[in-house]
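Novice: Quick one: the structure is below, and I'll ask about it shortly.
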Amino acid sequence: MNSLSLFPPPGPDGNITLFESNNELVCGTSLGSRQKQGWEPPSLLFPRESLKPHSRPESSSKAAFLDHRDTLWMRSARAWRDSGLSGLLDEIANCTEEEVPRWLTVGCSWTLALLRWVSSFHGSLFPHLTLSSEDMVAEFSQVLDWSDCAVRAFAWHPHTDKFAVSLLDDSIRIYNSKSATAPTLKHRLQRNVAALQWKPLCASALAVACHNCLLVWHVDPTSLSTRPSSGCAQVLSHPGHCPVTSIAWSPNGSLLLSASPVDTAMMVWDVAGESCVPLQRVGGGGVTFLSWSPDGSRVLASTPSALFRVWETRTWTCERWPCLKGRCQTGCWSPDGTRLLFSVQGEMVIYALTFTDAPGSSKAAAIVADLSETSFSTSQGQVRVGGQVQTMAWDPRGERLAVLLKGTEPEPVISQHILLPVVRSHSTTSIGFVKGESGAEPRLLQFHPHFPNGALLTVCWSNGRISHVPFFFVSAGGSVLNPGGSPPWPLPQSRAVENGERLLYTEMSS
Amino acid sequence: MSLLTAASVAWSVLLLPVTTALFAFLSRFSLFHPIQWISESFSLLYGSYVIFSLVLLCGVVLVVGVFNLEYYTVVPSVPCTKIALLGKVLHPQQSVHSLVHSMMGIMVTWCAATMIGGRYWILAAPCSEEEGVTGQKMCLNEYYLFFLLAGAFMGYSYSLLGVVRNMNYVSFQTIQQCKYLRFKGMLPQVVRYSAVQSLYSVRNYCLFYFFFGYIPRAWICTTLNVHEDSSLHRLDTVSGLLDFRLLYHLWLSGTFLLLTWHITLLLFRIFITEAYSFPVQSSFSEDVSQCLPKVLMTFLLNQFLALQDLFLLSQQSLSRRMEVFSLSQPGGHPHNWNAICKECLSLLSDLSQRLVEYQEVVASNGRARPLSSHSDQRSTSSETLGMSTLIISSLMSLQILSIDIGLKTPSSVFLRSTSPFSSSSVNRFVGNVDPSSPWYGSVQSPHVMRRGPKLWTASTGRLKFAHVKNFLARRVLIMYLFNKLPEASSQALFADSQAHIWALEGLSNLVAASYKEDRFGVVQTMLPSILSTMLLLQEAVDKHFKLPHASSKPVRSTCCLEDSTFKTLRFALRAALKTAMYRITVTFGEHLHSVQMSAEHRKRLQQFMEYKE
């Protein structure tokens, strides 16, 4: 098992991590100390101050603009359309006596109270349902401290040097290595972007998980326009399926999955036909995070409760995996799709699950890394590192794993760090911590899908900086196109059994 | 095939007792006497009437199942004009469908009325006391008649909506779920849909009965020699129809009727579209016709199932892909691959051909317009000519439409749509229009109408004006009937494109897999023709999407049963085509430079390799 104590101490303050070579992270004070090789993705800075978030706390501005001279019927119809039955009841209950008889207002307020009582009961079963939808996105997003982050989502194109960034002001920008124009995508419905993903085997389609719908932008790569019209976006929505917190394209580009913590069904979208098939499983109370294995055979779907599911994509049946402590926060797949790493909220460990088609394969998760707090003595004194996992990324060759930690205590612990164990054929080697500019905390990370000389990690920082850290290494197991099986973890199964108490078992269900 | 239908009908029959029990339970609903309600419904369930009704309902479900089997299609027929739609509705085959469904509707509501009992029990009853001293006169029970007629109405509207909304079109699922889960997932939607449709039917029926209810009532009275009970409220009055208990029973019976039929339809669709795995090759010569390459050459459902199987095997099954890439034992020929590839390519090139022809027709249509060489008058006359040609061609196409609902050629699509100048053998028709008459060239209705009085007051009297108005109205109606529905011809062109999508996916997956799995290099020999076919299709599709209406999105239907997948197939095809091209270019990368192809295609391919499409 790997633990933080095996890591080299983090670099001195004021230095930033530049690149990795010879299994060591090289720090420096400026980016210029390394010669450029080919196209370098631009290091961007989006200062938090320059972005205005849309101050639209739902319905607060309604009273300011609504024409109060409307008739009761008009207002009722609008309330029904905007917020359904409870809105209608609320509207009638707040009417004056001239408009409606008293028994009606009293009846409505009683019904409303009853409804609220029932929904509070429902909410006590699934506490996340009481959150407002913006808080819900922040809670279940892969981005650390989503609501205050300048960069809310980031996505590399799977085939070409192009990426999309979603910012605090609900706009999306696209940067391309081959063209100087950086189109900005804005849409009326594009609010609270929780995730972005480019469609595989396609040059132009970008799926965006929004506040109450899914948008699929078709951004013509040859177009010189900097503001593609909102007609380029397809709107996919389904009643009761909002906010969307996670999306996943199938690796062959044919299907799109979307998940909402409010909806117990996970949607399988046929994007061209704009139709969806709901895959409903009631347990868990919603779906928060989706991850499709790179070979396309399995999908991880975590729920807001202590339960996650692994779907197989041939006949769409699922395995149920109850966790002991909390919900599954994040997960990532090995390039060949046989191994899943995941972390559970409330535990400072990383679990691994192995999937094989052979019958009788082990059905228990093993702990592969312990991330509990560890002290390092550096030139600046004691530094404590450790915590729960916020998000993880496994590079496309299966040799580097980046983990973003969430600290348990706010202050003296410098807790938000990225650690990078190297996975080699028979050993897990620790590489070290990636540091950004002083005062900047990492918020989001993603690997470049086809970096030729190793792996390229893109990190979004709290100060609005997007930096790219290359790891130069020679792959042990073939090229990206031909991942010859992911290297096995060093941990033998028996060791996990000895550790005993934290094993997870699955229950097969359909 | 028939086995699958039988299985689906068997399941619907098995579900009947459940729905019937639910219906009986709900029909007795009373808020204030819950205990009495429950005990009554339980005693009702054991009654002989319910058993008899069940037997009858089984018969109805069987007939519905047979009709589903006879009328289903995997390639929908898309009417391009209102008149074609009308033709579809009035087609004899459809009339049989409507008639039978009306009769079965009567049967179902009869069962429902029997199960509810009470005042819906019997057609004629002795009149109430104050009516006559004799008491022997039989009076009509209008509730009973109202109920049975409602059944006929709902059966007919089910059939009518079925043809308007293409309910007989069977689409294939995007993901492969097992039958039970698919049914379970769809059931709530079907129940909701049935309830809502029943609500609409009740509304329409009440309107219908309000205006025309006296006709069947009088007819029944005279034929059966019964009397109308004047002491009771008539049901074709507002107060008679505002009987909430009656409306509730009517709605519930309608929901019950639609639900049983919709469940039968749903199960039928689920059973026949289930993925079937065909053997790739067989060592016995008598089984060869059952093998994938042979089944691909068949038509309609079998071909669709084979293509779906090809799509699945190309993605999921290594061992079956190896069979496709294998060589025949004596001789060493890649027969399997050749047959599959040839079939897929011919499907794709057929589509390109069809698209190119359609574009030519559209283009020639545009060029023919400056046929008017003379004055303004002349051009209006050509307009009239166009109109009459259009009418004739549409009438002709009506017949064509009624004969085959199968595959469409662009010419047939065009016959059904507007092609004002496509036929020239209608000159005699123009002769009827006198160029000097004032209503000459009155097709551009709104403008002429507005200018009209100024033109005519000088020479013509009031009589002629009335004539013109009359004529115009008729012409407007004709215009309405014959006007092309937007994007309908586009939908019709791509109506069977699910086959092309699977062919593209299957072929590109096989080609991509061959990079590692094809030991004998059988795929390489076909790579140039595969690439050129796809690029040709790409070109044709791109051109098609530049036509007006081709890229406008259709309205999404809200329900599962009204399958509107065919309306968006062209978008799906375009996406699948690009994905297929990218799949090949991503897999082969720079190696594609050594494939022989024309310079134009190479340029296009380069676009794909640079991710600029």
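Novice: Could you tell me how far the Cα centroid of the stretch A:198-221 sits from the Cα centroid of the stretch A:261-290, in Å?
Specialist: 18
Novice: Moving on to the next point. Between residue B:21 and residue B:288, what length in nm is gained on full extension when 0.36 nm per residue of separation is reduced by their alpha carbon distance?
Specialist: 91.2 nm
Novice: Can you classify the stretch A:88-136 as rounded, prolate or oblate using the Cα gyration tensor, where a ≥ b ≥ c are the square roots of its eigenvalues, rounded means a/c under 1.5, and otherwise it's prolate if a/b beats b/c and oblate if not?
Specialist: Judged from the Cα gyration tensor, the stretch A:88-136 comes out oblate (a/c at least 1.5, b/c at or above a/b).
Novice: Any lysines with Cα under 22 Å of the residue A:363 Cα? List them, leaving off those in the same chain fewer than 8 positions away.
Specialist: Straight-distance partners of residue A:363: A:325.
Novice: Then there is this: Describe numerically, in nm with one decimal, the distance between label points set 7 Å from Cα along Cα→Cβ at residue A:13 and at residue B:467.
Specialist: Placing both labels 7 Å beyond Cα along the Cβ direction yields 10.2 nm.
Novice: Give, to the nearest whole percent, the P(r) tail of the stretch B:8-137 beyond 19 angstrom, counting all Cα pairs.
Specialist: Tail fraction, whole percent: 65.
Novice: Separate question: Do you know the relative contact order of the stretch B:200-354, to the nearest whole percent, from alpha carbon pairs under 8 angstrom that are 6+ apart?
Specialist: Normalised by residue count, the contact order of the stretch B:200-354 is 13 percent.
Novice: OK, next. Could you pull out the pairs from B:88/B:464; B:294/B:578; B:342/B:516; A:186/B:546 whose alpha carbons sit more than 31 Å apart here?
Specialist: Result: B:88/B:464 exceed 31 Å.
Novice: Here's another thing I want to ask about it. Set the Förster radius R0 to 25 Å, insert the Cβ-Cβ distance between residue B:593 and residue A:173 as r into 1/(1 + (r/R0)^6), and round the FRET efficiency to 0.05.
Specialist: Using R0 = 25 Å, I get an efficiency of 0.15.
Novice: Right, next: For a Förster distance of 35 Å, can you work out the FRET efficiency between the beta-carbons of residue A:48 and residue A:453, rounded to the nearest 0.05?
Specialist: Using R0 = 35 Å, I get an efficiency of 0.60.
Novice: Can you list residues from other chains, or at least 5 along the same chain, whose modelled amide H is less than 5 Å from the amide H of residue A:153?
Specialist: A:166
Novice: So which chymotrypsin sites (Phe, Trp or Tyr not before Pro) in the stretch B:30-120 pass both tests, a DSSP loop state and at most 14 other Cβ atoms within 10 Å of the Cβ?
Specialist: B:32, B:46
Novice: To continue, here is another question. Hey, what did the stretch A:91-165 get for relative contact order, percent, Cα under 8 Å, at least 6 apart?
Specialist: Relative contact order here is 13 percent.
Novice: Still on this structure, please answer the following. Are there trypsin sites (Lys or Arg not before Pro) in the stretch B:179-274 that DSSP marks as loop and that have at most 15 other Cβ atoms within 10 Å, and which are they?
Specialist: Answer in residue order: B:234.
Novice: Using 7 Å Cα-to-Cβ label points, what is the residue B:242/residue B:316 separation (nm, one decimal)?
Specialist: So the label points at residue B:242 and residue B:316 sit 5.9 nm apart.
Novice: Amide H to amide H, which residues 5 or more places from residue A:406 or on other chains are under 5 Å from it, using H placed in the peptide plane?
Specialist: A:388, A:389, A:390
Novice: Can I ask one more? Under the definition of Cα pairs under 8 Å and six or more residues apart, what whole-number percent is the relative contact order of the stretch B:36-178?
Specialist: After rounding, I find 31 percent.
Novice: Cα gyration tensor of the stretch B:75-118, axes a ≥ b ≥ c as square roots of the eigenvalues: rounded (a/c below 1.5), prolate (a/b > b/c) or oblate?
Specialist: It is prolate, given that a/c is not under 1.5 and a/b is the larger ratio.
Novice: For the stretch A:468-475, take each phi angle, set θ = phi - 60°, evaluate the Karplus expression 6.51 cos²θ - 1.76 cosθ + 1.60, and give the result in whole Hz per residue in order, putting x for glycine and proline.
Specialist: In residue order, the calculated couplings are 10, 10, x, 10, 8, 7, 9, 5 Hz.
Novice: Quick check: pseudo-label points 7 Å beyond the Cα along Cα→Cβ at residue A:437 and residue B:125, how many nm apart are they?
Specialist: 8.8
Novice: How large is ³J(HN,Hα), in whole Hz, for each residue of the stretch B:28-44 in order, when computed from phi with the Karplus curve 6.51 cos²θ - 1.76 cosθ + 1.60 and θ = phi - 60°, using x for Gly and Pro?
Specialist: Per-residue couplings from phi come out as 8, 3, 9, 6, 9, 10, x, 5, 4, 4, 5, 5, 4, 5, 5, 5, 4 Hz.
Novice: Applying 1/(1 + (r/R0)^6) with R0 = 56 Å to the Cβ-Cβ distance of residue B:196 and residue A:148, what FRET efficiency is obtained, to the nearest 0.05?
Specialist: Working from the Cβ atoms, E equals 0.80.
Novice: By its C-alpha gyration tensor, with a ≥ b ≥ c as the square roots of the eigenvalues, how is the stretch B:77-199 shaped: rounded for a/c under 1.5, else prolate for a/b larger than b/c, else oblate?
Specialist: oblate
Novice: Which of the chymotrypsin sites (Phe, Trp or Tyr not before Pro) found in the stretch B:481-576 are in a DSSP loop and have at most 14 neighbouring Cβ atoms, other than their own, within 10 Å?
Specialist: Those that pass, being in a loop and sparsely packed, are B:520, B:545.
Novice: Roughly speaking, what is the stretch gain from residue A:125 to residue A:280, that is 0.36 nm per residue apart minus the C-alpha to C-alpha distance, in nm to one decimal?
Specialist: Fully extending the segment from residue A:125 to residue A:280 adds 54.0 nm.
Novice: Using the Karplus curve 6.51 cos²θ - 1.76 cosθ + 1.60 with θ = phi - 60°, what ³J(HN,Hα) values do you get for each residue of the stretch A:303-316, in whole Hz, with x for Gly and Pro?
Specialist: So the Karplus estimates, Gly and Pro as x, are 10, x, 9, 7, 6, 9, 10, 10, 8, 9, 9, 7, 10, 6 Hz.
Novice: Where Rh is the Kirkwood radius over the Cα pairs of the stretch A:320-404, the temperature 20 °C and the viscosity 1.002 mPa s, what D in µm²/s does Stokes-Einstein return?
Specialist: 150
Novice: Determine the distance separating the Cα centre of the stretch A:362-396 from the Cα centre of the stretch B:306-360; give it in Å without decimals.
Specialist: Between the Cα centre of the stretch A:362-396 and that of the stretch B:306-360, the gap is 51 Å.
Computed from the coordinates by the stated procedures, all read-outs in this text should not be read as laboratory data. The shown structure was predicted, so the numbers you read here are calculated from the model rather than taken from an experiment. Using ideal geometry, Cβ is built from the backbone for each residue, glycine included, and neighbour counts are taken over all protein chains shown.
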